[in-house]
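The values are calculated or read from the model by the stated rules, or taken from the named source; none is laboratory data. Everything numeric in this text was worked out from a predicted model, so none of it was measured. No Cβ is skipped: glycine too gets one built from the backbone with ideal geometry, and neighbour counts run over all protein chains shown. When the accessible area is computed, the model is the full protein with side chains, heavy atoms only, and any ligands, DNA or RNA have been set aside. Shrake-Rupley method; radii C 1.70, N 1.55, O 1.52, S 1.80 Å.
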Amino acid sequence: ECRERTGALLDALPLGVPFNWVEQVSIALTTGMLAKIFDFPWEQRDLLTHWSDIGGDVEMIARPGGLAYRNAELGKMGEAFAGLWQQKIANPGKDLISVMLKSDAMNHMSPEEFIGNLVLLIVGGNDTTRNSMSAYAYGLSQFPEERAKLEANPALIPNAIQEIIRWQTPLAHMRRTVLEDTVVDGVAMKKGEMVVLWYISANRDESVFDDADSIRLDRENARRHLSFGYGIHRCVGARIAELQLTTLMEEMGKRRLRAQVVAEPERVPACFVHGYKTVMVELERY
């Protein structure tokens, strides 16, 4: 189904006419996947995009009235999913809500926990893959010789996905709490202190990645990136993200389609979500 939706979407795109790749490809594919995973009403799927943008916009809290607006919108999200939750209690299926209902760890959540987990799932399942798909179009336009390698050799796709995710780093950081006194690279951190893990910095660490600012689709250690987090916090949706990106690249390759970026992107003005609002492209055949 993912392949069918991706193929149908690509076949409907214009050749040689500028359009916003973020809106017409990245958002359309990831929102559609999220709606299918949750069994969310298909005709209302744009709400998932809206809630994802709200949930990921941590800067909104600092703007006048921002916190009240954010809380109100996330409250609407909670109400919508609470209704879906009740439907699935009565009529369970194979969707993620039904799976959550069978979990001892998740079927007795408080309203705050429920909304918190929804934000994680919606932002984690939407903004991240969306911005990797946008980086596929934008990044490979910045490195046309690498794009030519991929066009000539589809076997590069699995490693190319990891390299693009490394280069983009869709979520720039996470905040954690130090559990015990420790020293990292000569910096002492005490138990209870709050720290920020800058994944975007780690993914450009020159001691790990040679020529880290460049996309190199055959990079041998591309999989060492930290975009999916690490340990118990590793992204539970990593395989779904890889599936969507693999499908997009394979279907683009089958059609011998290339996205040529025609203007500098408009970026999301945020320190957490590292992504794009607009990437104007023209599709061409190769």
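Numbers at a glance
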| quantity | calculated |
| --- | --- |
| Count - residues of the range 248-257 that are under 16 Å from Ile161 (Cα atoms) and either without any contact (Cβ under 8 Å) to a residue 24 or more places away in the chain or over 15 Å from the mean Cα position of the chain (by Cα) (or both) | 5 |
| Qualifying positions in the range 260-282 - open to solvent by 10 Å² or more (accessible area, probe 1.4 Å), touching a residue at least 40 places away in the same chain (Cβ under 8 Å), assigned to a strand (DSSP E or B) and not β-branched (Val, Ile, Thr) | Gln260, Lys277, Met280, Glu282 |
| Counted residues, the range 44-103 - those being more than 22 Å from the chain's Cα centre (by Cα), part of a helix (DSSP H, G or I) and of a type in the set (Lys, Arg) | 2 |
| When residues of the range 191-207 are limited to those that are of a type outside the set (A, V, I, L, M) and under 27 Å from Asn221 (Cα atoms), the one most open to solvent (accessible area, probe 1.4 Å) | Glu206 |
| Among residues of the range 1-42, those that are more than 22 Å from Gly237 (Cα to Cα) and either open to solvent by 40 Å² or more (accessible area, probe 1.4 Å) or out of contact with any helix residue (DSSP H, G or I) (no Cβ under 7 Å at 6 or more places or on another chain) (or both), counted | 11 |
| Flag for Leu120 being at pLDDT below 95, open to solvent by 50 Å² or more (accessible area, probe 1.4 Å), under 20 Å from Tyr230 (Cα atoms) and within 21 Å of the chain's Cα centre (by Cα) | yes |
| Selected residue (only one of Asn159, Asn203, Asn153 is modelled with pLDDT of 95 or more, more than 18 Å from the chain's Cα centre (by Cα) and either within 27 Å of Gln260 (Cα to Cα) or β-branched (Val, Ile, Thr) (or both)) | Asn153 |
| Single residue of Glu113, Glu146 found to be surrounded by 14 or more Cβ atoms within 10 Å (Cβ to Cβ) and assigned to a helix (DSSP H, G or I) | Glu146 |
